[in-house]
1. Of 27, 36, which residue is out of contact with any helix residue (DSSP H, G or I) (no Cβ under 6 Å at 6 or more places or on another chain) and under 19 Å from residue 118 (Cβ atoms)?
2. Starting from residues that are under 25 Å from residue 143 (Cα atoms) and touching a strand residue (DSSP E or B) at 6+ places or on another chain (Cβ under 7 Å), keep the ones in the range 1-26 and report whichever is surrounded by the fewest Cβ atoms within 10 Å (Cβ to Cβ).
3. Being without any contact (Cβ under 8 Å) to a residue 60 or more places away in the chain and within 13 Å of the ligand (Cβ to nearest atom) is the filter here; which residues of the range 20-29 pass it?
4. Before we move on, is residue 56 under 28 Å from residue 133 (Cβ atoms) and either free of Cβ contacts under 8 Å to residues at least 60 places away in the same chain or touching a helix residue (DSSP H, G or I) at 6+ places or on another chain (Cβ under 7 Å) (or both)?
5. From the list 110, 73, pick out the single residue that is touching a residue at least 60 places away in the same chain (Cβ under 8 Å), within 19 Å of residue 134 (Cβ to Cβ), in contact with a strand residue (DSSP E or B) (Cβ under 9 Å, 6 or more places away or on another chain) and not in a strand (DSSP E or B).
6. Look through the range 30-64, keep the residues that are within 16 Å of the ligand (Cβ to nearest atom) and buried (at least 21 other Cβ atoms within 10 Å of the Cβ), and return whichever of them is farthest from residue 88 (Cα to Cα).
7. Name the residues in the range 1-19 that are assigned to a loop (DSSP other than H, G, I, E, B), free of Cβ contacts under 8 Å to residues at least 12 places away in the same chain and within 16 Å of the ligand (Cβ to nearest atom), would you?
Ligand SMILES: [Zn+2]
């Protein structure tokens with residue numbers, strides 16, 4: 001059983017929207033059609049659905065509860081999901097609960113951030129990165145819109 005879908009209020013009109021893990025396009029408000037921040041969790045069983053099959057570029061945050069640097073970058077990653085709504089999906093993967101993701105994608109340290117585009121890894125960065133640097137890295141990995 002997968003976890004139930006989350007619900008998020010629309011930043012533009014306040015309507016409450018379901019936040020599915022998968023889905024091929026952008027996440028838009030059902031009421032006003034504004035782009036919504038898209039941040040979900042995935043694990044060994046849902047990584048393909050959430051990341052590999054996404055049409056939107058995906059920032060994958062591989063983290064763990066006990067990892068201090070992971071907690072330091074978590075708010076930065078969440079802010080990116082808001083600032084880049086409609087351009088970027090953010091998927092958080094708990095390394096302890098998702099050993100196969102780390103094995104398959106050669107994640108050897110956390111935090112590791114993967115940038116996926118069109119079903120393949122396009123870039124990665126390892127370790128805690130300052131907020132401004134992380135944003136610049138994502139922007140350059142996404143390239144021109
Ligand atoms: Zn709305």
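1. The conditions single out 27.
2. 26
3. Correct list: 28, 29.
4. Taking the combined requirement at face value, the residue satisfies it.
5. One residue alone meets the criteria, 73.
6. 36
7. 14
Rule-based calculations on the coordinates, nothing more; no lab input. This structure is a prediction, so every number in the text was calculated from the model and none was measured. When we count neighbours, we look across all protein chains shown, and the Cβ atoms used for this are built from the backbone with ideal geometry, even at glycine.
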